[in-house]
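S.K.: Quick one: structure below, then a few questions.
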Amino acid sequence: MGASTTLIGVLPTYAMTGIWAPILFVALRLFQGFGAGPEIAGATVILAEFASARRRGVISSLICLGTNSGTLDASTLWAILVASLSQDQFLSWR
């Protein structure tokens, strides 16, 4: 997953490589997903195995809570940016 993420950061633009830029991007995103899925499932299993029986459900849910909290934080930041920037600032920001 780390290698895919790094390679996404150095991908050439569409102007440089044409159709290969989006094709490589989609392929690298797929590799990210193939890496992230097992990481999340494996981490949940490890937490469930080592948690006490009384707190197993709460402890196991921390992985999902973390990933969903990150999505919520990113969405909140996006909403703040959309609300605070003018249309010209928003469209010119890259």
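Derivation of every value follows stated rules applied to the coordinates shown; laboratory data play no part. Keep in mind that what you see is a predicted model, and the values were worked out from it rather than measured. A quick note on method: Cβ atoms are made from the backbone with ideal geometry, for glycine too, and the neighbour counts reach across all protein chains shown.
S.K.: Given the Cα-Cα distance of A48 and W78 and 0.36 nm per residue of separation, how much length would full extension add, in nm?
M.R.: 7.4 nm
S.K.: Turning to a different aspect of this structure: May I ask you to list the trypsin sites (Lys or Arg not before Pro) in the stretch 1-67 that are in a DSSP loop and have at most 11 other Cβ atoms within 10 Å of their Cβ? Display every interim value, and only then the final one.
M.R.: Values: sites: R29, R54, R55, R56; in loops: R54, R55.
Qualifying residues, ordered by number: R54, R55.
S.K.: For the stretch 2-92, what D do you get in µm² per second when you plug the Kirkwood radius from alpha-carbon pairs into Stokes-Einstein at 4 °C and 1.567 mPa s?
M.R.: Working: Rh = 16.5 Å.
Rounded to a whole number, D works out at 78 µm²/s.
S.K.: Counting other Cβ atoms within 10 Å, keep those with at most 16, restrict to DSSP loop, and tell me which chymotrypsin sites (Phe, Trp or Tyr not before Pro) in the stretch 24-94 are left. Please report the intermediate quantities before stating the final value.
M.R.: Details: sites: F25, F31, F34, F50, W78, F90, W93; in loops: W93.
Passing sites in the stretch 24-94 are W93.
S.K.: In addition: How far apart, in nanometres, would the label points at L30 and A3 be if each is projected 7 angstrom from Cα along the Cα-to-Cβ direction?
M.R.: Distance between the two pseudo-spin positions: 1.6 nm.
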